[in-house]
1. Mind listing whichever residues of the range 208-235 are touching a residue at least 40 places away in the same chain (Cβ under 8 Å) and within 23 Å of ASP149 (Cα to Cα)?
2. For TYR248, all conditions in the list (1) in the same structural domain as THR163 (by TED's automatic domain parsing); (2) assigned to a loop (DSSP other than H, G, I, E, B) hold save one; what is the number of the exception?
3. Looking at (1) loosely packed, with under 15 Cβ neighbours inside 10 Å; (2) at pLDDT 80 or above, can you tell me which one TYR67 breaks?
4. Restricting the range 248-300 to residues that are of a type in the set (Val, Ile, Thr) and loosely packed, with under 15 Cβ neighbours inside 10 Å, which is modelled with the highest pLDDT?
5. Looking at this structure, is PRO314 free of Cβ contacts under 8 Å to residues at least 60 places away in the same chain and not small (Gly, Ala, Ser)?
6. Residues in the range 298-351 that are touching a helix residue (DSSP H, G or I) at 6+ places or on another chain (Cβ under 9 Å), among the aliphatic types (A, V, I, L, M) and assigned to a loop (DSSP other than H, G, I, E, B): how many?
7. Quick one: what pairs do we get from the range 246-260, first residue within 22 Å of VAL217 (Cα to Cα), second among the hydrophobic types (A, V, I, L, M, F, W, C) and part of a loop (DSSP other than H, G, I, E, B), C-beta under 6 Å, 6+ apart or different chains?
Amino acid sequence: MSTKRDYYEILGLARNATDEELKSAYRKLALRYHPDRNPGDKEAEEHFKEAAEAYEVLRDPQKRAIYDQYGHQGLQGSGFSGFGGFEDIFSSFGDIFEDFFGFGTRGRRSRSRAQHGADLRYDMTLSFMEAAFGTETEINVEKMQPCSDCGGSGCESGSGPETCRACGGSGQISRSQGFFTVRSTCPQCRGHGQIITHPCPRCNGAGQVMARKKVSVKIPAGVDNGSRLRLSGEGEAGVYGGPPGDLYVFIHVEPHEFFKRNNNDVICQVQISFVQAALGDKITVPTLNGKKSLEIPKGTQPGDVFYLHEEGIPSLRSRKRGDQIIQVNIKTPTNLNKKQEALLREFAALEEGKLSSKLKNILKGGLSGAA
């Protein structure tokens, strides 16, 4: 392309095109002919350079006026000679490419410098009751925090970071390979764009030191094994102005000697005597909120289950409480005295008579049916 084409023709626009039309047209061409999308395509490289030159002239009111009146020769007389290569284009249009593609030279530098702080984990053991009703406690967390001597800058008092001479503060080193420019992280500043020549004695230039901090933790009622609490901003400090990480508290609940948990219900077992099961009784049962009365009906059988509604654990979402489920075990009497044995034998004889009569009726009915 030895002869320069008309800039308006390159962008496909009329001579009265607006700034927004110019920008939109250049964006389409830049996307179409970008070197990363057309590796090794020399024609695409030339179109990319041509479009960049056209946009550089027409977006500038003074250059555009000269071009409209005198054409390419007028621009040469004003000192404009176009771009030398891709590096010049990306350098000149850093902000433009950030708007177009979501990245740019300045954007890459700021993002590579500011770093998010690391998240931390803390394992906390709670008693059964603490998990059921919630609690508030303080924990000691060791984490990286901003150095108090240098305020997190990493520089000795009275000094500051210097622009890296190797990369000129960009954080990247560029090497030309034909029509392409290859960028890599600057080995001198490690991509930061700045070098600390006089590091802080306390943190040795890191800007952070390991320190212990007391953190208040509010445990909501109803947490269970495996519950995880997130304390925003209580992780390690960010680097170069980056946000701090978060602290995640993992809950472990100790077992209870009487209660077992099933979701938001609590399960327990109580023992009653043979007489209580047969005649019925009113007993006292431990609950999470103290002792409660429970009515045992006559003829209660082993394994029967009773409920105390809303005496369980609060739900983390609705705050509604679960139930207490009571499983009944009937204790068989041992070490009976003579009078107790005599009464039980008399009772057994009465029961045997009832069973015999019932069995005879069953057998009689069965034989009659067979006949």
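The values are calculated or read from the model by the stated rules, or taken from the named source; none is laboratory data. As the structure is a prediction and not an experimental result, all values here were calculated from the model. Neighbour counts run over all protein chains shown; Cβ positions are idealised from the backbone, glycine included.
1. Result: GLN208, VAL209, MET210, ALA211, ARG212, LYS213, LYS214, VAL215, GLU234, GLY235.
2. (2)
3. (1)
4. Among those residues, the one meeting the criterion is THR284.
5. Against the criterion (free of Cβ contacts under 8 Å to residues at least 60 places away in the same chain and not small (Gly, Ala, Ser)), PRO314 does not qualify.
6. Going through the range 298-351 one residue at a time, the tally reaches 2.
7. Close Cβ pairs satisfying both conditions: ILE251/VAL223.
Yes or no, residue by residue, for (1) of a type outside the set (S, T, N, Q); (2) surrounded by 14 or more Cβ atoms within 10 Å (Cβ to Cβ); (3) in the same structural domain as LEU229 (by TED's automatic domain parsing); (4) under 30 Å from GLY40 (Cβ atoms):
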| residue | (1), (2), (3), (4) |
| --- | --- |
| THR135 | no, yes, yes, no |
| ASP149 | yes, yes, yes, no |
| GLY154 | yes, yes, yes, no |
| GLY171 | yes, yes, yes, yes |
| GLY207 | yes, yes, yes, no |
